[in-house]
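Step one of this worksheet: look at the structure below.
The values are calculated or read from the model by the stated rules, or taken from the named source; none is laboratory data. Everything numeric here is computed off the predicted structure, so don't read it as measured data. As a convention, Cβ positions derive from the backbone with ideal geometry for all residues, glycine included, and neighbour counts pool all protein chains shown. Ligands, DNA and RNA are excluded from the accessible area calculation, which covers all protein heavy atoms including side chains. Shrake-Rupley method; radii C 1.70, N 1.55, O 1.52, S 1.80 Å.
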Amino acid sequence: MNSVEIILNELQALAPQIQQEQIEQMAQAIMNARHIFVVGAGRSGFCARGFSNRLLHLGFNVSFVGEPTTPRLLKEDLLLIASGSGKTGSLVSMANKAKEVGAQIGTFTINPEATIGAMANAVITIPGTTRLLGEDNNTQLSVQPIGSAFEQLLWITFDALIMELMKKTNQLPEDLISRHANLE
């Protein structure tokens, strides 16, 4: 068996742990938000940035946190946080700010009981490992480097969420293409 097959077998074994009900709950939170703020640190942040782009293609008001054009977070908004550990200091700080202004919080994490998950209104639990392996009981051993299985499943979960939102908004791929960047 080659390395790609080994990775795909691992992801196929872990994927059933992601609950469709959580995806539907997160989709509803997105639908209810005035503005969606998306953030993640490190490699999870790369995945989150791609997700924010897809939300834009769907026509949602969305910003990736940290960009100069990111507006002020308000009570009617949703902060979506991608954090495997659920404990990353800068992301915990942002979750605290969201709570302070009364905004909703959604998170994608291995550890729904960790700090960010405990504050969240919507959670999608994604199996995997973090650099904090051994510090919590929710991480799983992986054949890949730490974090990789979580990040790969995060991408897939984001795409599953986009598919769910396409259904809810009655959009076809052509609708997303019509909002795709043309200054490339």
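For the stretch 25-61, which positions are open to solvent by 50 Å² or more (accessible area, probe 1.4 Å) and part of a loop (DSSP other than H, G, I, E, B)?
Listed by number, the residues that qualify are 34, 61.
Within the set of pairs 6 or more residues apart or between chains, which connect a residue that is open to solvent by less than 40 Å² (accessible area, probe 1.4 Å) inside the stretch 131-158 to a residue that is hydrophobic (A, V, I, L, M, F, W, C) and at pLDDT below 60 with Cβ atoms less than 7 Å apart?
Note: pairs meeting the criteria are 139/133.
I'd like to check which strands (runs of 3 or more DSSP E) are fully inside the stretch 62-137 and have at least 3 residues that are of a type in the set (A, V, I, L, M) and modelled with pLDDT of 95 or more.
Strands (runs of 3 or more DSSP E) meeting the threshold: 78-82, 122-125.
For every residue, the table says whether it meets (1) under 23 Å from residue 152 (Cβ atoms); (2) basic (Lys, Arg); (3) surrounded by fewer than 20 Cβ atoms within 10 Å (Cβ to Cβ).
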residue: 83; (1), (2), (3): yes, no, no
residue: 98; (1), (2), (3): no, no, no
residue: 112; (1), (2), (3): yes, no, yes
residue: 116; (1), (2), (3): yes, no, no
residue: 120; (1), (2), (3): yes, no, no
residue: 123; (1), (2), (3): yes, no, no
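Could you count how many residues in the stretch 38-81 are hydroxyl-bearing (Ser, Thr, Tyr) and either under 14 Å from residue 159 (Cα atoms) or under 13 Å from the mean Cα position of the chain (by Cα) (or both)?
Of the residues in that region, 2 qualify.
Do you know which residues across the stretch 100-110 are touching a Lys or Arg at 6+ places or on another chain (Cβ under 8 Å) and either acidic (Asp, Glu) or open to solvent by 10 Å² or more (accessible area, probe 1.4 Å) (or both)?
101, 102
Is at least one residue of the stretch 14-24 touching a Phe, Trp or Tyr at 6+ places or on another chain (Cβ under 8 Å) and either of a type in the set (D, E, K, R) or not in a strand (DSSP E or B) (or both)?
no
Taking the residues in the stretch 6-41 that are of a type in the set (D, E, K, R) and free of Cβ contacts under 8 Å to residues at least 60 places away in the same chain as candidates, determine which candidate is farthest from residue 169 (Cα to Cα).
Looking at the filtered set, the residue picked out is 21.
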